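**Student:** Would you mind keeping the following structure in view while I ask a few things?
Read-outs: derived from the displayed coordinates by stated rules, not from any lab. This one's a predicted model, so the numbers in the text were calculated from it and none came from an experiment. For neighbour counting, all protein chains shown are included, and Cβ atoms are generated from backbone atoms with ideal geometry for every residue, glycine included.
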Amino acid sequence: MSERAAPFYCPYCGDEDLRPSEQGHGAWECAACNRAFQLKFLGLLARGLQRADDGGDGPA
């Protein structure tokens, strides 16, 4: 099993000064904007993503 993946930047301010949070698995703290956030992998999509210009049966 590999180590957990780490975000490269804060989703709120874009800064790279991130630290793991004590709140639990996937929780991170940004020292630049003083926000805490959590990342969670939900799973794989059965069909995958379809782009509008690929000719797929996506919504009209």
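**Student:** With θ taken as phi - 60° and the coefficients 6.51, -1.76 and 1.60, list the Karplus ³J(HN,Hα) couplings across the range 7-19 in order, rounded to whole Hz; mark glycine and proline as x.
**Tutor:** x, 8, 8, 6, x, 9, 10, x, 6, 9, 8, 10, 9
**Student:** I need the peptides 14-20, 37-43 ranked by packing, meaning the mean over residues of other C-beta atoms within 10 angstrom, with the highest value on top.
**Tutor:** Working: 14-20: 12.7, 37-43: 9.3.
Ranking, from highest mean packing down: 14-20, 37-43.
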